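The values are calculated or read from the model by the stated rules, or taken from the named source; none is laboratory data. Everything numeric here is computed off the predicted structure, so don't read it as measured data. Using ideal geometry, Cβ is built from the backbone for each residue, glycine included, and neighbour counts are taken over all protein chains shown. Remember, those area values only see protein heavy atoms, side chains included, never the ligands or the DNA or RNA. Shrake-Rupley method; radii C 1.70, N 1.55, O 1.52, S 1.80 Å.
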Amino acid sequence: MQTNTILKNTILAGLFLIPFLAFIVSSSMLFPFITGKNFAFRIIVEVVFALWAILALRDSDYLPKRSWILFAAGIFLTSIAAADILGANPARSFWSNYERMEGLVGHIHLFLYFVVASSVLNTKKLWNWFFASWIASSVIMSVYGIFQLAGKATINQGGVRLDGTFGNAIYLAVFLMFAFFFTGLSIAQSKDHKERLWYLVPIALLQIAIMYFTATRGVILGVIGGLLVTGVILAFKERDNKVVRKSAIGILVGLLLLIGGFIAIRNTKFVTTSPVLSRFAGLSASELETQGRFYIWPMAFKGFKEHPILGWGQENFGIIFSKYYNPKMYNQEQWFDRAHSGPLDWLVAGGLLAFVSYLSLFGVLIWYLWNTNGFNLSSVEKGLLFGLIAAHFFQGIFVFDNLFSSIAFFSLLACVHASSDGKTFELPMWLREDSMKSGLSGIVVVAMLFTFYFWNVKPIRASQTLIDAMQSLSGGKVANSLDQFERVFQYNTFGSGEAREQLVNNIGSFLADGVPQDVKIRYVTIAKQQLEEQVKENPDDARSYVFYGSLLQSIGSNSDAITQLKKAVSLSPTKQTIIFQLAGAYIQTKDYKSALDLFKTAYELEPSSLQAKILYGVGSIYVGDSATANKILSTVDQHTLLFDDRVVGALAARNNFSDLVQIFSTRLSLEEGRKNPQN
């Protein structure tokens, strides 16, 4: 029994530690706000799952319960696995990348976390302690947010929107959203412990205040909507406690007055000059048209219609984005890897099967809360949980999930599952022998060590080595950096893809003057080998061909670059930046006619693009079509053209010395005027 107690307490310690992983920032790894938190979560889950498996073999009371929640979570994981295995790139779908750290391996860990948490946190008291650890973590995070607000700590993403130690204001807001409702649950339970109110109420107000300064509209509107749901449920469902019912009606009236009051003053100077309030005041149909979601959501639906049942597999939205790229996005982010909507992302990644199973998680939560009450929840507690579900679903329409929103949601699933009255699974007869239990326990430990090394240690070391390589490069140690890049590839992890892109992005440093010739040759050999591997692994992804083409262009292999960039254009025929790059390769080979045809195509895709205008004009100069060049370039600001060296290059290729003399004379004149403004 003492062994069982030690196992249980160790598992509990691991679970209660999870909310505090939010403070991990791993500067020694790529994407420091993402990787450290995720690896720590995975390691803890692997350890506590192994300990739980041993504990459950020793004491059947810790075996999982049967419930529709467990069934729905299992179906969700199975549907994701099927979509990933049969998708566009199974390896990428399984491993994800350092920037996201999701993929099938991430969802396996979430499911294992759900199983352990629902089996070990099997009383309301234990769940209250777990939620208390989340609340405590949020208090520390909120205090850190105060320091950011006061300018004593850096806002990592820049600007004025607080981001805590998440590096992203949205992630902080979602973390606090769950913490706020968890705090509400603690307040609801304080009727017999009113002394708690003196610190719980200020904590809730602090959470709301920091959430406000994240200026995250989806989350804040989600919280308001969630409180409205809570108020409506209590106002209509609560019949016995008149105080609760009247309070709910008061909250509803207050929220409606708040919304109405804001609408009334939305155009006042007080609102329009506020960095936070102005974001809400600016909500409109016209503002939506300037956002990436306005363009990428239709792309996502096109991708869904192409693979409606099982989708494309996780981490493959980039293929859809390239294939159905909208040229009107020329002035926005050029590589989207998400639809930026939780439900829509699952519709694309897993098709109807994953989408329906994702929605079923919300459905079974609502059903169990409405129809069962294993933890003897009060009407207020139930109302708050319904409000939290509504808030999470609403904000998820506009953003994709991150590690902590997923952990919090699966915690909620685990809590309601633990409160259900389902029967506990029983061990099969063949597993009830002590020898079999010991043997299976040994297998569990070996499996944990295996995953610990291959799923965590290797990719962690690869990420750290990649950072070392980039630091060596910035310090001028080019040969050392190349050695470290080679070590990254030798680890053979999902980090190789990002290392390849960094290798190309820093080509100027590797081929700079002063770098020994043998190092340059070695760099080119390694880079070509790795980029060839990249396109083999990602044959349907235009991005891989773009990076390979960029490498080949940089080393002067323009004909080979054209081959790769043509493949990229075939996969993304409406993306102007790729078309521009291919045209540039043609210019290097002096095939000006082919370059002009491409520049014209890009221009016709979206004539309002400044880059497209300039390059179409430049292409016209290269072929000697002065009439078209003058017509197009006359619509461009002349000062902009004056300092555009692409125009200079085209004029030089045509030996148009008179225009070149005029350009450089004007430049010198303007420069002299800048230096001597008194003249």
(message) Angle check, please: helix 124-149 long axis (alpha carbons) against the longest principal axis of the chain (alpha carbons), in degrees 0 to 90, nearest 10.
(response) 40
(request) Please report, to two decimal places, log10 I(q)/I(0) for the stretch 145-198 at q = 0.20 Å⁻¹ as given by the Debye formula with identical point scatterers on the Cα atoms and no solvent. (result) -0.71
(message) What figure, in Å² to the nearest 10, do you get for the accessible area of ILE319 with a 1.4 Å probe and non-protein molecules left out?
(response) 10
(request) Would you mind getting the Kirkwood hydrodynamic radius of the stretch 165-240 from its Cα pairs, rounded to one decimal in Å? (result) 13.5
(message) List the residues, sorted by chain then number, that are 5 or more residues from THR424 or on another chain and whose placed amide H is less than 5 Å from its amide H.
(response) ARG66
(message) Given the DSSP H assignment, sum -39500 (n - 2.57) over each helix run of at least 4 residues in the chain and divide by its residue total; what's the result at 222 nm in deg cm²/dmol, nearest 500?
(response) -23000 deg cm²/dmol
(message) If you fit an axis through the alpha-carbon atoms of helix 478-491 and take the longest principal axis of the Cα set of the chain, what angle between them do you get, 0 to 90°, nearest 10?
(response) 40
(request) Return the aspartates and glutamates within reach of LYS575: Cα separation strictly under 14 angstrom, same-chain partners fewer than 8 residues apart disregarded; answer none if there are no such residues. (result) GLU333, ASP541, GLU604, GLU606
(message) Please compute the length gained on full extension between THR666 and GLN471, using 0.36 nm multiplied by the number of residues separating them and subtracting their Cα-Cα distance.
(response) 66.1 nm
(message) Based only on Cα atoms, what mean projected area does the convex hull of the stretch 484-631 have, in nm²?
(response) 9.8
(request) Provide Rg over Rh for the stretch 548-679; use the alpha carbon set for both Rg and the Kirkwood Rh (inverse mean inverse pair distance). (result) 1.04
(message) Roughly how far apart, in whole Å, are the Cα centres of the stretch 222-262 and the stretch 1-52?
(response) 38
(message) Sort MET436, MET177, MET470 by heavy-atom solvent-accessible area, probe 1.4 angstrom, most to least.
(response) MET436, MET470, MET177
(request) Based on alpha-carbon positions alone, could you give the equivalent ellipsoid semi-axes of the stretch 396-536 from the gyration tensor, as √(5λ), descending, whole Å? (result) 47, 22, 12
(request) Order the following by accessible area, largest value first: GLU426, GLU533. Probe radius 1.4 Å; ligands, DNA and RNA are ignored. (result) GLU426, GLU533
(request) Using a Förster distance of 35 angstrom, determine the FRET efficiency expected from the C-beta separation of ASN505 and VAL445, and round it to 0.05. (result) 0.25
(request) Only residues of the stretch 452-482 count here: report those whose backbone N is under 18 Å from the spot 7 Å along Cα→Cβ of ALA91, or say none. (result) 454-456, 458-460, 462-463
(request) Averaging over all projection directions, find the projected area of the Cα convex hull of the chain and quote it in nm² with one decimal place. (result) 36.9
(message) Testing the spin-label approximation: label points 7 Å from Cα along Cα→Cβ at SER559 and ARG196. State their distance in nm.
(response) 7.6
(message) If I model a spin label at GLU426 and ILE265 as a point 7 Å from the Cα along the Cα→Cβ vector, what separation in nanometres do I get?
(response) 6.6
(request) On the full set of protein chains, 1.4 Å probe, figure out the accessible area of VAL243 and give it in Å² to the nearest 10. (result) 100
(request) Enter the mean projected area of the convex hull around the alpha-carbon atoms of the stretch 317-378, in nm², rounded to one decimal. (result) 6.6
(request) Classify the stretch 353-455 as rounded, prolate or oblate, taking a ≥ b ≥ c as the square roots of the eigenvalues of its Cα gyration tensor: rounded when a/c is under 1.5, otherwise prolate if a/b is larger than b/c and oblate if not. (result) oblate
(request) Estimate the FRET efficiency between ALA512 and GLU99 by the formula 1/(1 + (r/R0)^6), using the beta-carbon distance for r and 41 Å for R0, to the nearest 0.05. (result) 0.90
(request) For the chain, find the longest principal axis of its Cα atoms and tell me its angle to the long axis of helix 217-237, 0 to 90°, nearest 10. (result) 30
(message) Using a Debye calculation, one point per C-alpha and no hydration shell, please list log10 I(q)/I(0) for the stretch 48-129 at q = 0.19, 0.24 Å⁻¹ in order.
(response) -0.90, -1.11
(message) Need the list of lysines near LYS194 for cross-linking: C-alpha distance under 18 angstrom, and skip anything on the same chain fewer than eight residues off.
(response) LYS125
(request) Using only the Cα atoms of the stretch 533-619, build the gyration tensor, take square roots of its eigenvalues as a ≥ b ≥ c, and label the shape rounded, prolate or oblate: rounded if a/c is under 1.5, else prolate if a/b is larger than b/c, else oblate. (result) oblate
(message) Quick check for you: which residues of the stretch 115-139 have the amide N under 20 Å from the point 7 Å beyond the Cα of PHE23 toward its beta carbon?
(response) 129-139
(request) Would you mind computing Rg(Cα) / (2.2 N^0.38 Å) for the stretch 264-382, counting N as its residues? (result) 1.46
(message) Could you work out the pair-distance distribution P(r) of the stretch 91-191 from its alpha-carbon pairs, with 5 angstrom bin width and percents rounded to whole numbers?
(response) 2, 11, 15, 15, 17, 16, 13, 7, 2, 0, 0
(request) Take the cross-link list LYS528/LYS567; LYS65/LYS458; LYS37/LYS477 and give me the ones stretching past 27 Å between alpha-carbons. (result) LYS65/LYS458; LYS37/LYS477
(message) Taking 4 °C and 1.567 mPa s as the conditions, I'd like the Stokes-Einstein D for the stretch 372-419 in µm²/s, using the Kirkwood hydrodynamic radius from alpha carbon pairs.
(response) 111
(request) With a 1.4 Å probe and every protein chain left in place, work out the accessible area per residue of the chain in Å², rounded to a whole number. (result) 45
(message) If you roll a 1.4 angstrom probe over the protein chains with everything in place, what fraction of the accessible area of the chain belongs to carbon and sulfur, to the nearest %?
(response) 62
(request) Please tell me the relative contact order of the stretch 268-367 in percent, rounded to the nearest whole number, where contacts are Cα pairs under 8 Å and at least six residues apart. (result) 29
(request) Grab the beta carbon distance between ASN241 and THR640, set R0 = 60 Å, and tell me the FRET efficiency rounded to 0.05. (result) 0.30
(message) Need the C-alpha centroid separation for the stretch 455-503 versus the stretch 602-679, integer Å.
(response) 41
